[in-house]
Each structure stands twice: as structure tokens, then as C-alpha cells.
Amino acid sequence: TDRPRSLPRILLDFETVFEKAPTVPLSGALALAHFLLSQGFDDEAIAELEEAIELYPRTPAFTTLLGQLYLNKGRTEDAIRLLERALHGGTNDISLSEMLAGAYLEQNRSPEAIALYESIVTMGGHTRTHLRVLGDLYIRTHNPAQAAAILGRLHDEDAETLAEVRGKLDDLATQFPKSSEAHMALADAEVKGMSPEKAVKHFRTALRINP
């Protein structure tokens, strides 16, 4: 993309804008970063944010924007280091945990991603999406017992997900036919879905596997 003006001209424009609107609810550094991005100066925006984070390491807005820019540029390792430092430093932000989990998954680091989603669910404030993602990660890493438990929790927290949960548990029991936990969870879902015959079938299967 062609850059229409030089960086010094951009900075002068920014100063003019900021002087006219000094009550903008963003810090000067964050506002400048957004301004640079809007003009196509991505690398300069990254440099501005890196400097700002050294001064204000516990500001989630800086970390969120810089982390996303790193990921957009394919700098996954830099994003991971940034996000780990923020979270280990005491910043408690679910969006940062989600971003870090996504970065881990880009590098096939499923155990670390699972640990992050588990912490999100444990802390509270999680959504159905967090439970779905965690369930899928358990399935992907061949942990049917944990997957069955989290899918059961999904339905317990939102009764409207019953059909979805039954479908996922049915797939889980098919994929892991020797998992008593999967069959027990499916039996419970069938009871809630008013399908007693199917529930008995899976309950018996679970007992055969684990008397």
C-alpha cells in the first residue's frame, strides 16, 4: 500500500488533531498508535506500543493491540512472550487469555491452550463459547472423560444447548466407544431429552465398560 505522506507530516497531523480534542479517552500513546495504523505506518505503531508497554506494562489496551499486531504480522513468538508476561504479571483479562490460547494453538501447543481455557472457566465469567472450545480441545487431545464433563456443564449452564450437547456427546461416544464417561454423560443427556430407552442403552454400555 502506498503511503500518501511522510511520517513527520503524519505526526504533525496527529498533534493537530490531539490538540483539538485533548479529552479523547485514549492515552496519547494508544491514540498515536491507532493514528499511525490508520495511515499505514504499522511498524511505527508497533514501535510506539512497545515503548509504551515498557512504561506501562499492566495496561491491557496496549497489550491487546500490540499482541494482535504481532499475530497479524506472523510474529507469533513475540505475541506469546508479550501475552505471557502480561498474564504472569497479574493482568487478569479474559481477552488476553483467549489471544494467548489462540497463539499457542497456532504452534500446536494444545496443553497450554487447554490450561488457559480451564483457568477461564475456573475463574468464572466464561461463556458458552469457552466451554465449547474447551470441549473441542479435550476431544482433539483424546481426553473423552474431560470432554464429557465439560459438555455436561455446558448443558447444565444453558438448557437450550441440549440438542447440541446430545449431538456432541453422541459423536464423542462413537469416537471413543470404550469411554464409560462419554456413555454416562450421553445417558444423562438422553434422560433430560426425554429419551429413556436411549438413556438405558448408554447407561448399560457404561456399566459394561466400567462395572
Q) For the subset of the range 35-74 comprising residues that are under 18 Å from the mean Cα position of the chain (by Cα) and open to solvent by 70 Å² or more (accessible area, probe 1.4 Å), which member is nearest to Gly102 (Cα to Cα)? A) Gln68
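In this structure, is His155 in contact with a helix residue (DSSP H, G or I) (Cβ under 6 Å, 6 or more places away or on another chain), part of a loop (DSSP other than H, G, I, E, B) and at pLDDT below 90? Please lay out each step first, then the result.
Values: in contact with a helix residue (DSSP H, G or I) (Cβ under 6 Å, 6 or more places away or on another chain): yes; part of a loop (DSSP other than H, G, I, E, B): no; at pLDDT below 90: yes.
When the stated conditions are applied, His155 does not pass them.
Among Glu190, Glu164, Glu181, which is more than 24 Å from Val133 (Cβ to Cβ) and among the acidic types (Asp, Glu)? Explain how you work it out, then say what you get.
Values: Glu164 fails: more than 24 Å from Val133 (Cβ to Cβ); Glu181 fails: more than 24 Å from Val133 (Cβ to Cβ).
From the options Glu190, Glu164, Glu181, the qualifying one is Glu190.
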Q: Scan the range 7-19 and give yes if some residue there is in contact with an Asp or Glu (Cβ under 9 Å, 6 or more places away or on another chain) and at pLDDT 85 or above, otherwise no.
A: no
Q: Sort out which residues of the range 83-99 are open to solvent by 30 Å² or more (accessible area, probe 1.4 Å), of a type outside the set (A, V, I, L, M, F, W, C) and touching a residue at least 12 places away in the same chain (Cβ under 8 Å), and write them in order of number.
A: Glu84, Arg85, Gly89, Gly90, Asn92, Asp93, Ser95, Glu98
**Q.** Filtered residue count, the range 164-180, keeping only those that are of a type outside the set (Val, Ile, Thr) and open to solvent by 80 Å² or more (accessible area, probe 1.4 Å)
**A.** 3
Q: Select from the range 189-211 the residues that are in a loop (DSSP other than H, G, I, E, B) and either within 36 Å of the chain's Cα centre (by Cα) or hydrophobic (A, V, I, L, M, F, W, C) (or both) and list them in ascending order.
A: Gly193, Met194, Ser195, Asn210
**Q.** Filter pass, Glu157 being touching a Lys or Arg at 6+ places or on another chain (Cβ under 8 Å) and open to solvent by 80 Å² or more (accessible area, probe 1.4 Å)
**A.** yes
Q) When residues of the range 176-211 are filtered for being over 19 Å from Leu151 (Cα atoms) and basic (Lys, Arg), how many remain? A) 3
Q) Out of the range 100-152, which residues are part of a helix (DSSP H, G or I), open to solvent by 40 Å² or more (accessible area, probe 1.4 Å) and closer than 24 Å to Arg75 by Cβ? A) Leu105, Glu106, Pro111, Glu112, Ala115, Val133
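So which residues in the range 84-94 are assigned to a helix (DSSP H, G or I) and within 13 Å of Arg58 (Cβ to Cβ)? Give the steps one after another, and end with the answer.
First, pick out the residues of the range 84-94 that are assigned to a helix (DSSP H, G or I): 84-88, 94.
Within the range 84-94, Arg85, Ala86, Leu87, His88 meet the criteria.
The values are calculated or read from the model by the stated rules, or taken from the named source; none is laboratory data. Bear in mind that the values here come from a model prediction, so they are computed numbers and not experimental data. Virtual Cβ from ideal backbone geometry, glycine too; neighbours counted across all protein chains shown. Ligands, DNA and RNA are excluded from the accessible area calculation, which covers all protein heavy atoms including side chains. Shrake-Rupley method; radii C 1.70, N 1.55, O 1.52, S 1.80 Å.
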